[in-house]
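The values are calculated or read from the model by the stated rules, or taken from the named source; none is laboratory data. Computed from a predicted structure; not experimentally measured. Every residue, glycine among them, receives a Cβ derived from its backbone with ideal geometry; neighbour counts consider all protein chains shown.
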Amino acid sequence: MTTTLWITAVIVAITLGITVWAARQTRTTVQFYAAGRKISGWQNGLAIAGDYMSAASFLGIAGLIAFNGYDGFMYSVGWLVAYLTVLLLIAEPIRNTGKYTMADVLAYRMSAGPVRSAAAISTLTVSGFYMIAQMVGAGSVLHLLVPGFSFKWAVVIVGVLMIGYVVLGGMIATTWVQIVKATLLMAGAILLSIMVLGHFGFNPLRFFDAIAKVVDKKSGLNFTQPGILYPHGKHVFLGPLTLDKSTIENVSLGMALIFGTAGLPHILMRFYTVPTARAARTSVGWAMGLIGAFYVMTTFLGFGAAVLVGKTGIGTNNNLAAPKLAEFLGGGPNTFGGELLLGFISAVAFATILAVVAGLTLAASSAFAHDFWMNVVRGGKESEFEQVLVARIAAVGVGVIAVLVAINLQTANAAQLVAVAFAVASSGNLPVILFTLFWKRFNTVGAVCGLIGGTAVSILLVVIGPGLGTPPATKPAFALTNPGIVSIPLGFLFAIVGTYIGEALGGDQRAKAMYPEIAVRSQTGVGAEPSAIEERIPAVV
Amino acid sequence: METRNRGQGTRGAPDAQVGTETAQTRSSAWEALAASPEFRRLISAKRNFIIPAVIFFLVYYFALPLGNGLAPRLMNTKIIGNINLAYLFALSEFVMAWILAAVYIRRANRVFDPLAAAVRRLAARMGFGS
């Protein structure tokens, strides 16, 4: 196991070197939150890929496919197609209208106090659940791979590193850590995919012949067939409708993935790091190329683990499918090659988690410092020094809380925690962002209702649903593991009903008056935040 | 002063009423820009592309989970060797996403960006500053 430690130590040393370099150029708020808006399109594309492909992607999907076959691959599909929503509707308008956070876009039209507070709550919820999921994953994987490591220490080390990157190096360090990680992850996935295919004479047909021989005992289906994770034949009752549970779970999962990605604050924040809307567009193109290529390769990682290692070889923790596959491909346990490849892939998994939690910490601390502290508590006072200081303190606070929560959640299901994050992002954040940009009548009450209502209903449906408890509840109050199909329409409905309530309460002149401005600005970039450091547009043109 | 008013409510306090008036003068200038032929051209070009594109990818994407759930026998049809329709359809989602993204980026660079630049030039002539 010393190989794992050495390779991990080298990667961590590289990221710390980056952080020291980045710390020297991180003084102003625009540098801390948005890397001075000087990241180029392809660099941001790599960083988005690094920010996005979490432990859930690398370890989680490989494990889901290794244990459930085809159904696990549906995550891969949804997580890529989701970027079309980002590209076509969100990325460029966000770059054109915001400064540092998701709430900047909303506060453009709405009363800053209420919407920034509500958006800070939803951002902290999404980033918090997501971060804890990553840390629980990091803890259990490191603990299993390096037996000397306790779960607690693994979580503490991840926490200290992520706080270090963000506090010292801000967005510049976070971006480059994500770029290094994306490169390593792609290299690891390509290497394993080629080696898997090599076992089948580089003939995909022989590979699929082998997959079709793996049969799920419970359902009798083979691993190329859909229906193992969400079995056919069960029914779910939604009001007067009786629906096939398998179909509904799959559609509901798809909805959360497709609409949730465009509402993830740590991803949206990445679009502020590039100089123009055009660069934001280019960066999504690069990200889609990389992310898509990676997810196609989960075919080889996941099915490869199912065929070559098998459930008995992987053990009870399906997160270990990819590392165990690496060990097998290197020559098996206790061989030099096996140790080396296992070490490399484990280190890549560790780097993956670090890069994602750094992005999440930055999103959470900026929601607190920029949205809540500077704009709500301090009433919009502009102080570079204070804002960067508060953001750094917030990053330490967020990190410490995440570590403490994660240590106490060792048995939590990481995939379920991520599901909460995606449910809140798709039901709370996305409707409000879309309406702010494209609906003239939308107002402050609607935005607050949408954010708070969508967040609350998502958490509620997951809590009363079947998934969160270990073991799962036998008769849950809400039948679906994936709440999206109910919570997303409700999120839109809260925002709409809130808007009409707001109108009945006397209207929101500013939201209406500012609509032509946000419509023009978001689509053209008139008056968009430039990449230069000291330039600042006045609040009223 | 004005900076602070952006964050205030619109009813009640006299401060806020000043803010509303400023917002309205400001708003009429932006309304003029929003009503300009330059901006209308950009918006209709974007709308004509983006709305059909979004509908297309949503239909294409959700056809996969719906097909897997409602027509498992069809989706299990073997196409080449043991590679079935369900897997090939899933793979085609990646190709669809890449092609649609490439088409959009090309269209945006060649058509939408020049149209947006025309609006920005108009804004500069109208004295919108940055």
Determine if region A:78-93 includes at least one residue that is within 14 Å of chain B (Cβ to nearest Cβ), surrounded by fewer than 24 Cβ atoms within 10 Å (Cβ to Cβ) and over 18 Å from the mean Cα position of the chain (by Cα).
-> yes
Give, as residue ranges, the helices (runs of 4 or more DSSP H) completely inside region A:437-528 that count at least 1 residues that are of a type in the set (Gly, Ala, Ser) and at pLDDT 90 or above.
-> A:444-463, A:484-504, A:515-524
Looking at region A:199-307, what helices (runs of 4 or more DSSP H) fall wholly within it and have at least 1 residues that are small (Gly, Ala, Ser) and more than 27 Å from A:Arg521 (Cβ to Cβ)?
-> A:204-212, A:245-260, A:277-298
Tally, over region A:209-221, of residues that are within 11 Å of chain B (Cβ to nearest Cβ) and within 31 Å of the chain's Cα centre (by Cα) = 1
Identify the single condition in (1) surrounded by 23 or more Cβ atoms within 10 Å (Cβ to Cβ); (2) without any contact (Cβ under 8 Å) to a residue 24 or more places away in the chain; (3) among the polar types (S, T, N, Q) that A:Thr175 does not satisfy, given that it satisfies every other one.
-> (2)
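Would you be able to tell me the number of residues in region A:247-298 that are among the small types (Gly, Ala, Ser) and closer than 24 Å to B:Arg120 by Cα?
We begin by selecting, within region A:247-298, every residue among the small types (Gly, Ala, Ser); these are A:252, A:254, A:256, A:260, A:262-263, A:277, A:279-280, A:283, A:285, A:287, A:289, A:292-293.
Then keep just the ones that are closer than 24 Å to B:Arg120 by Cα; that gives A:277, A:279-280, A:283.
Qualifying residue count, region A:247-298: 4.
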Those residues of region A:275-284 which are surrounded by fewer than 22 Cβ atoms within 10 Å (Cβ to Cβ) and within 9 Å of chain B (Cβ to nearest Cβ), in sequence order = A:Arg278, A:Thr282
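Test of understanding: among A:Phe303, A:Phe294, A:Phe259, A:Phe237, which residue is more than 11 Å from chain B (Cβ to nearest Cβ) and of a type in the set (Phe, Trp, Tyr)? Reasoning before the result, please.
Numbers: A:Phe303 fails: more than 11 Å from chain B (Cβ to nearest Cβ); A:Phe294 fails: more than 11 Å from chain B (Cβ to nearest Cβ); A:Phe259 fails: more than 11 Å from chain B (Cβ to nearest Cβ).
Among A:Phe303, A:Phe294, A:Phe259, A:Phe237, only A:Phe237 is more than 11 Å from chain B (Cβ to nearest Cβ) and of a type in the set (Phe, Trp, Tyr).
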Turns out the helices (runs of 4 or more DSSP H) fully within region B:1-81 with at least 1 residues that are modelled with pLDDT of 90 or more are B:14-35, B:37-70, B:72-75
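Does region A:354-386 hold any residues that are acidic (Asp, Glu) and assigned to a helix (DSSP H, G or I), and which are they? Reasoning before the result, please.
Quick first cut of region A:354-386, residues acidic (Asp, Glu) only: A:371, A:382, A:384, A:386.
Of everything in region A:354-386, those that are acidic (Asp, Glu) and assigned to a helix (DSSP H, G or I) turn out to be A:Asp371, A:Glu384, A:Glu386.
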Counting only residues that are touching a Pro at 6+ places or on another chain (Cβ under 8 Å) and among the aliphatic types (A, V, I, L, M), how many does region A:250-276 have?
-> 3
Would region B:90-110 turn up any residue that is basic (Lys, Arg), surrounded by 13 or more Cβ atoms within 10 Å (Cβ to Cβ) and either more than 7 Å from every other protein chain (Cβ to nearest Cβ) or without any contact (Cβ under 8 Å) to a residue 40 or more places away in the chain (or both)?
-> yes
Only one of (1) over 17 Å from A:Glu92 (Cα atoms); (2) free of Cβ contacts under 8 Å to residues at least 24 places away in the same chain; (3) exposed (fewer than 14 other Cβ atoms within 10 Å of the Cβ) fails for B:Phe56. Which number is that?
-> (2)
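Looking at A:Leu268, A:Leu325, A:Leu264, which one is farther than 30 Å from B:Ile99 by Cβ, crowded, with 24+ Cβ neighbours inside 10 Å and in contact (Cβ under 8 Å) with a residue 40 or more places away in the chain? Let's see the steps before the verdict.
Values: A:Leu268 fails: farther than 30 Å from B:Ile99 by Cβ; A:Leu264 fails: farther than 30 Å from B:Ile99 by Cβ.
Of the residues listed, the single one that is farther than 30 Å from B:Ile99 by Cβ, crowded, with 24+ Cβ neighbours inside 10 Å and in contact (Cβ under 8 Å) with a residue 40 or more places away in the chain is A:Leu325.
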Failed criterion for A:Tyr100 (all others in (1) more than 12 Å from chain B (Cβ to nearest Cβ); (2) assigned to a helix (DSSP H, G or I) hold) | (2)
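Listed residues A:Ala154, A:Ala138; which is in contact with a Gly (Cβ under 6 Å, 6 or more places away or on another chain), at pLDDT below 90 and not polar (S, T, N, Q)?
Numbers: A:Ala138 fails: in contact with a Gly (Cβ under 6 Å, 6 or more places away or on another chain).
Step by step, each of A:Ala154, A:Ala138 is checked, and only A:Ala154 is in contact with a Gly (Cβ under 6 Å, 6 or more places away or on another chain), at pLDDT below 90 and not polar (S, T, N, Q).
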When residues of region A:2-36 are filtered for being over 20 Å from A:His370 (Cα atoms) and either assigned to a helix (DSSP H, G or I) or small (Gly, Ala, Ser) (or both), how many remain?
-> 21
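Got at least one residue in region B:111-119 being free of Cβ contacts under 8 Å to residues at least 60 places away in the same chain, within 7 Å of chain A (Cβ to nearest Cβ) and either assigned to a helix (DSSP H, G or I) or aliphatic (A, V, I, L, M) (or both)? Reasoning before the result, please.
Kept after step one, since they are free of Cβ contacts under 8 Å to residues at least 60 places away in the same chain, are these residues of region B:111-119: B:113-114, B:117.
Still in the list and also within 7 Å of chain A (Cβ to nearest Cβ): B:113.
Remaining after also requiring either assigned to a helix (DSSP H, G or I) or aliphatic (A, V, I, L, M) (or both): B:113.
Within region B:111-119, one or more residues are free of Cβ contacts under 8 Å to residues at least 60 places away in the same chain, within 7 Å of chain A (Cβ to nearest Cβ) and either assigned to a helix (DSSP H, G or I) or aliphatic (A, V, I, L, M) (or both).
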Residue that is farthest from the other protein chains (Cβ to nearest Cβ) [pool: residues in region A:497-520 that are of a type in the set (Asp, Glu) and over 32 Å from the mean Cα position of the chain (by Cα)] = A:Glu503
Region B:55-89 - residue that is among the aliphatic types (A, V, I, L, M) and farther than 22 Å from A:Tyr75 by Cβ and, of those, nearest to the other protein chains (Cβ to nearest Cβ) = B:Ile80
Identify all residues within region A:185-207 that are without any contact (Cβ under 8 Å) to a residue 60 or more places away in the chain and within 12 Å of another protein chain (Cβ to nearest Cβ); write none if there are none.
-> A:Phe200, A:Asn203, A:Pro204, A:Leu205, A:Arg206
